[in-house]
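Novice: My structure is below; once you've seen it, I'll send some questions.
The values are calculated or read from the model by the stated rules, or taken from the named source; none is laboratory data. Remember, it's a predicted structure, so these values are computed and weren't measured experimentally. All Cβ positions, glycine included, derive from the backbone under ideal geometry; neighbour counts span all protein chains shown. To get the accessible areas, we keep the full protein, side chains included, count just its heavy atoms, and leave off ligands, DNA and RNA. Shrake-Rupley method; radii C 1.70, N 1.55, O 1.52, S 1.80 Å.
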Amino acid sequence: ELKDNTIVIVLGASGDLAKKKTYPALFGLFSQRLLPRDVKIVGYARTKMDTEEYHKRITSYIKNPNDTPEMKQQIEDFKALSTYVSGAYDKDEPFEELNAHLESIEAKYQTKERNRLFYLALPPSVFIPVTEKLKKNCYVIRGGVNRIIIEKPFGKDTDSCRELITAVKENWTEDETFRIDHYLGKEMVKNLLVLRFANVSMGAAWDKNHISNVQITFKEPFGTEGRGGYFDEFGIIRDILQNHLLQVLSVLTMERPVSFSAEDIRDEKVTSGYPTISGVKVLRAIPPVERHDTLLGQYVAANGRPGYLDDETVPRGSVCPTFTAATLWINNPRWEGVPFILKAGKALNEAKVEIRIQFKDVTQGIFKDISRNELVIRIQPSEAVYLKLNAKTPGLYTRAVPVDMDLTYKRRFGEVHIPEAYEALILDAIKGDHSNFVRDDELDVAWKIFTPILHWIEGHSGPRPKPVQYPYGSRGPAELDSFVQKYGFRRSTEA
Ligand code: BG6
């Protein structure tokens, strides 16, 4: 339900996340008329600036503004509902001022109901004080709902994540808290539920008897580029694998939810198994990643682009991996023995995120050297699902060749607007729908899977392992091909 009289408060309004994701998504929703009537947007950050300067900034955050009169008008209307308050993150006074500002907006509402959505686009260091200050100074006690949206990093390992969750819970209930993993807002990740559970043919082949191996791959064609300070402290595992790719994995492997309700879906992600053995949990069934199941890499200068260590914001001599392949195993009857290879890297040859499910060999005998079936779900760019099958070449003799059954979205559905992940998620939070947000127990289990390997990489138990090098703009470390082959992946003969 979309509530009227809603104010969205963006804390960290001058930061990177607000600029790249939050404001573009808010504007996207606004221009599609999807925000509640009377919505107002209030930015809050340390930077002192007047309304004019703030409006100039948020206009510059909006992507691809074209010059049509309609667009110009929309930008003007968006500016008209956006205001700004500056202040520190660790003192009560500026939050009292923020509250007074919110009340002055609300005084003009026709009904008494006041709804506030606080979006924390903030660095981890100020995270906890802000959740306290907001509760103390800006919480509507009667006649409305208060919600907070928070984003990773949720700590750095199991213990620090628990501390963070506990600290936030002192002031905000689970119902009021929306933890974003924006991969859950992506169209093709949502499509997994439909593909799997609305198709008998897919569901029937979805287990260890039919699937040989699964790869979930994240590739980015750029390096840290000034974000080296943050990145080096967290590394690629915390940046991508432990959250985004693991969430994709859980939706891919969970059992059929009882319904599309938030709790039913999230129960299956942490609470799953084979229908006959209820209560085995899909994320809980994954043991911590082992050292021998990982491949760590770091990019070096090539193709005229700087190496990781050439980035001035990166500490000298850092051995932080910018690429990781990690194979996970699910110890439940459906998936036992199937390797799930998660791969993520910066400064690679292309931008691509995809799931590649490779099926087992067909019974040999009548066919030789035949390609395996593969189901590829391309999350981005250019959303697509395609199934590699074998078909007979037309003619008088029988020869099988690999062919694609191709469901490229643009071709199949035309130029429909595919919502940005952040648009979908902010709208869900305004409506109070938790289905695509991360529950506290999911976080805990996700950290347990990666904490030991992270501690090893960070030298808690001895010397830090050295990542192998790969050139900027390459496919990743040269060792990657043999790594995936070790888990049974076979390049299709079509290649
Ligand atoms: C963020 C990471 O969570 O996801 C970034 O911190 C990464 O390093 C980004 O670039 C990728 O998101 P998307 O939606 O562009 O795939």
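Novice: State yes or no: is K186 in contact (Cβ under 8 Å) with a residue 24 or more places away in the chain, more than 10 Å from the ligand (Cβ to nearest atom) and out of contact with any Ser or Thr (no Cβ under 8 Å at 6 or more places or on another chain)?
Specialist: Here the answer is no, as K186 does not meet what is asked.
Novice: Moving to a separate point now. Hey, can you tell me all the residues within the range 88-121 that are in a loop (DSSP other than H, G, I, E, B) and in contact with a Leu (Cβ under 6 Å, 6 or more places away or on another chain)?
Specialist: A121
Yes/no matrix, rows are residues, columns are (1) in a helix (DSSP H, G or I); (2) out of contact with any Ser or Thr (no Cβ under 7 Å at 6 or more places or on another chain):
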position	(1), (2)
V10	no, no
A18	yes, yes
P36	no, no
I58	yes, no
E70	yes, yes
I75	yes, no
V85	no, yes
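Novice: Read through the list (1) hydrophobic (A, V, I, L, M, F, W, C); (2) surrounded by 15 or more Cβ atoms within 10 Å (Cβ to Cβ); (3) at pLDDT 95 or above, then give the number of the only condition that I75 fails.
Specialist: Condition not satisfied by I75: (3).
Novice: Starting from the range 228-247, take each residue that is of a type in the set (K, R) and list its partners that are within 11 Å of the ligand (Cβ to nearest atom), counting only C-beta distances under 7 angstrom and pairs at least six apart or across chains.
Specialist: Hits for this filter: R238/P153.
Novice: Give the residues of the range 111-125 that are surrounded by fewer than 16 Cβ atoms within 10 Å (Cβ to Cβ) and farther than 22 Å from G432 by Cα, sorted by residue number.
Specialist: Matches in the range 111-125: P123, S125.
Novice: Being open to solvent by 30 Å² or more (accessible area, probe 1.4 Å) and in contact with a Lys or Arg (Cβ under 8 Å, 6 or more places away or on another chain) is the filter; apply it to the range 455-471 and report the residue that is nearest to L309 (Cα to Cα).
Specialist: For the range 455-471, the residue satisfying everything is E458.
Novice: Kindly check whether there is at least one residue in the range 293-303 that is open to solvent by 10 Å² or more (accessible area, probe 1.4 Å), farther than 20 Å from G488 by Cβ, out of contact with any His (no Cβ under 7 Å at 6 or more places or on another chain) and assigned to a loop (DSSP other than H, G, I, E, B).
Specialist: There is at least one residue in the range 293-303 that is open to solvent by 10 Å² or more (accessible area, probe 1.4 Å), farther than 20 Å from G488 by Cβ, out of contact with any His (no Cβ under 7 Å at 6 or more places or on another chain) and assigned to a loop (DSSP other than H, G, I, E, B).
Novice: Of the numbered conditions (1) free of Cβ contacts under 8 Å to residues at least 60 places away in the same chain; (2) more than 24 Å from the chain's Cα centre (by Cα); (3) in a loop (DSSP other than H, G, I, E, B), A391 fails exactly one; give the number of that condition.
Specialist: Result: A391 passes all but (3).
Novice: Same structure again: State which residue is most open to solvent (accessible area, probe 1.4 Å) when the search covers only the range 403-422 and only residues that are farther than 22 Å from H244 by Cα and modelled with pLDDT of 90 or more.
Specialist: Step by step, filter the range 403-422, then rank; the result is M405.
Novice: While we're here: Residue under question is T173, and the condition is that it be surrounded by fewer than 18 Cβ atoms within 10 Å (Cβ to Cβ), polar (S, T, N, Q) and either closer than 18 Å to S435 by Cβ or at pLDDT 95 or above (or both); does it hold?
Specialist: yes
Novice: Continuing with this model, one more query. R238: more than 12 Å from the ligand (Cβ to nearest atom) and in a helix (DSSP H, G or I), yes or no?
Specialist: no
To keep it simple, each residue is scored yes or no on (1) out of contact with any Lys or Arg (no Cβ under 8 Å at 6 or more places or on another chain); (2) polar (S, T, N, Q); (3) touching a residue at least 12 places away in the same chain (Cβ under 8 Å).
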position	(1), (2), (3)
Y44	yes, no, yes
Y61	no, no, yes
T83	no, yes, yes
E106	no, no, yes
Y109	yes, no, yes
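Novice: Quickly run through the range 197-226 and pick out the residues that are open to solvent by 20 Å² or more (accessible area, probe 1.4 Å), charged (D, E, K, R) and over 18 Å from the mean Cα position of the chain (by Cα).
Specialist: Passing the criteria: K208, E225.
Novice: Then there is this: Just to be sure, is D50 over 19 Å from Y422 (Cα atoms) and exposed (fewer than 12 other Cβ atoms within 10 Å of the Cβ)?
Specialist: Here the answer is yes, as D50 does meet what is asked.
Novice: Among the candidates I128, I141, I150, I165, which residue alone is open to solvent by 30 Å² or more (accessible area, probe 1.4 Å) and under 30 Å from Q247 (Cβ atoms)?
Specialist: I128
Novice: Another one. Could you identify the single residue in A100, A107, A80, A88 that is in contact with a Pro (Cβ under 7 Å, 6 or more places away or on another chain) and surrounded by fewer than 18 Cβ atoms within 10 Å (Cβ to Cβ)?
Specialist: A88
Novice: For V248, state whether it is within 16 Å of the ligand (Cβ to nearest atom) and modelled with pLDDT of 95 or more.
Specialist: Judged against the criteria, V248 is a match.
Novice: Would you say F231 is within 16 Å of the ligand (Cβ to nearest atom) and touching a Lys or Arg at 6+ places or on another chain (Cβ under 9 Å)?
Specialist: When the stated conditions are applied, F231 passes them.
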